[in-house]
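Here the structure comes first, spelled out in structure tokens, and everything after it is commentary.
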Amino acid sequence: MILITGGAGYIGSHTCVELLNAGYKIIVVDNFSNSNPEVINRIKKVTGKDFIFFEVDLLDQEAIEDIFNKYKIEAVIHFAGFKAVGESVEIPLAYYHNNITSTLLLCSIMQKFNVKKMVFSSSATVYGDTDLVPIQENSPLSATNPYGYTKLMIEQILQDLSNSDDSWSIALLRYFNPIGAHESGLLGENPNGIPNNLLPYISKVASGEINFLNVFGNDYPTKDGTGIRDYIHVVDLSLGHVKALNKVLRSKSIEAYNLGTGNGYSVIEVINAFEEASGKRVNYKITSRRPGDIAISYADPQKAQKDLDWKAMRSLDDMCRDAWNFVQKNPNGIGKTNLDKKLVISS
Ligand code: UFG
């Protein structure tokens, strides 16, 4: 059995699908703090497979211990955590408590039950404001906001744990910019309220819900002046987790892997690709740079290709097509009514 924390979230839910498709037996825990119970039904619908689910908070040590007592867990894929950069600046204590304390508790329980295999959901944010691209795993690490620090600190905690006991086996997966949705249109990104990230925002402009996109700066040293990122299809990213799990189950080490495509696209290029895929206009205005943003970030994904036998296969057009398909099929998000959506956006 593989335990998935945060399995109802955006990347977690897609990874559950690929794990079930690959034949793994999974147990999912989620407290639905930024997701919806309907996601669990959707995972079952997409795969035609059943699995065990608990609505539980990772900070509830007793409830998590009960799960380890009851089931024979071989490894954990740890997604659960708060993830909004701006919010982390406003409520840092909540971010440190939720993300770090829950991971410490989880690791202690794993140690107690002699479950020493983990795939951790890290982020390219641990490379801070590096301007050396493509980014390799051995680039210097730093953080620029509390969310980033939680990822960096958890990586350090897991590194120290592995140093203290070499029977641990851990993969730190550093995601670049996951976008897109499941091809079925049943799963996708389902953010509460006004989105922060580029793709969910563009989707809302294309669907007419928001009038225009603010493009944060066109004076970066890039081809068209807008920021460049390595966008990766969430299904490719999920397949990367299956490969990382395979590796963690058969080895004893701690390794970090970039999960990206190795290609960088500018904000304007993403807008154009989305217009093409959706047939809709995406109105935008150039505004000032967003504080904390860097000009260019894209991965060198060769380590993952070599060690995990994984490579992202889906194009930017595929990502835009699937994102648009999801938005059209779920205009209110997953498991939400039109009323819920209005309440969240106005709150
Ligand atoms: N952008 C806009 N307008 C918007 C939103 C974004 O122009 O309304 C631009 C940004 O300036 C940036 C690009 O679109 O150039 C991508 O921005 P996102 O917010 O989608 O993604 P980021 O690269 O800023 O952040 C992502 C993740 C974070 C993670 C970070 C670093 O969302 O969790 O990568 O790895 F910390």
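What follows draws every value from the coordinates through simple rules; no lab data is involved. What you are looking at is a predicted structure, and each value in this text was computed from that prediction instead of being measured. Cβ sites come from the backbone with ideal geometry, for glycine too, and all protein chains shown count toward neighbours.
Measuring from label point to label point, each 7 Å out along Cα→Cβ, what is the Ser184 to Asp317 span in nm?
Result for the modelled spin labels: 2.6 nm.
Tell me, what HN-Hα J-couplings in whole Hz come from the Karplus equation 6.51 cos²θ - 1.76 cosθ + 1.60 at θ = phi - 60° for each residue of segment 113-120, using x for Gly and Pro?
Running phi through 6.51 cos²θ - 1.76 cosθ + 1.60 with θ = phi - 60° gives 9, 6, 9, 10, 10, 9, 10, 10 Hz.
Amide H neighbours of Ala256 under 5 Å, counting only residues 5+ apart in sequence or on other chains, H built in-plane at 1.01 Å?
Sorted by chain and number, the residues that satisfy this are Leu172.
From the Cα trace of the chain, what convex hull volume per residue do you get, rounded to a whole Å³?
Numbers: hull volume 43.7 nm³, N = 347.
So the per-residue hull volume is 126 Å³.
Which FRET efficiency value, to the nearest 0.05, is calculated for Glu269 and Asp131 with the Förster distance at 22 angstrom and r the Cβ-Cβ distance? Show your work: numbers first, answer last.
On the way: r = 20 Å, r/R0 = 0.89.
Computed FRET efficiency for Glu269 and Asp131: 0.65.
FRET efficiency for Phe113 and Ser33, Cβ-Cβ distance as r, R0 = 25 Å, nearest 0.05? The partial results should precede the final answer.
Values: r = 25 Å, r/R0 = 1.00.
With R0 = 25 Å, the Cβ-Cβ based efficiency is 0.50.
Which ³J(HN,Hα) values in Hz, rounded to whole numbers, follow from the phi angles of segment 65-79 under the Karplus curve 6.51 cos²θ - 1.76 cosθ + 1.60, where θ = phi - 60° and Gly and Pro get x?
Computed from phi, the couplings for segment 65-79 are 4, 4, 5, 5, 5, 7, 10, 8, 8, 9, 7, 10, 10, 9, 9 Hz.
Please find, in a Gaussian network model of the chain (springs between Cα atoms separated by less than 10 Å), the residue of Ile135, Ile52, Ile296 whose mean-square fluctuation is greatest.
Ile52
At a Cα cut-off below 13 Å, give the aspartates and glutamates reachable from Lys49, other chains included and same-chain residues fewer than 8 away excluded.
Leaving aside aspartates and glutamates fewer than 8 places away in the same chain, those within reach of Lys49 are Glu18.
Which pairs, out of Lys25/Lys112; Lys247/Lys311; Lys223/Lys285, put more than 20 Å between their alpha-carbon atoms?
Lys25/Lys112
Highest first, please rank the peptides 209-217, 164-172 by the mean number of other Cβ atoms sitting within 10 Å of their residues.
On the way: 209-217: 15.7, 164-172: 17.6.
Averaged packing, sorted descending, gives the order 164-172, 209-217.
Can you pull the one-decimal nm distance between simple spin-label points at Val89 and Gln305, each 7 Å off the Cα toward Cβ?
For Val89 paired with Gln305, the spin-label model returns 3.6 nm.
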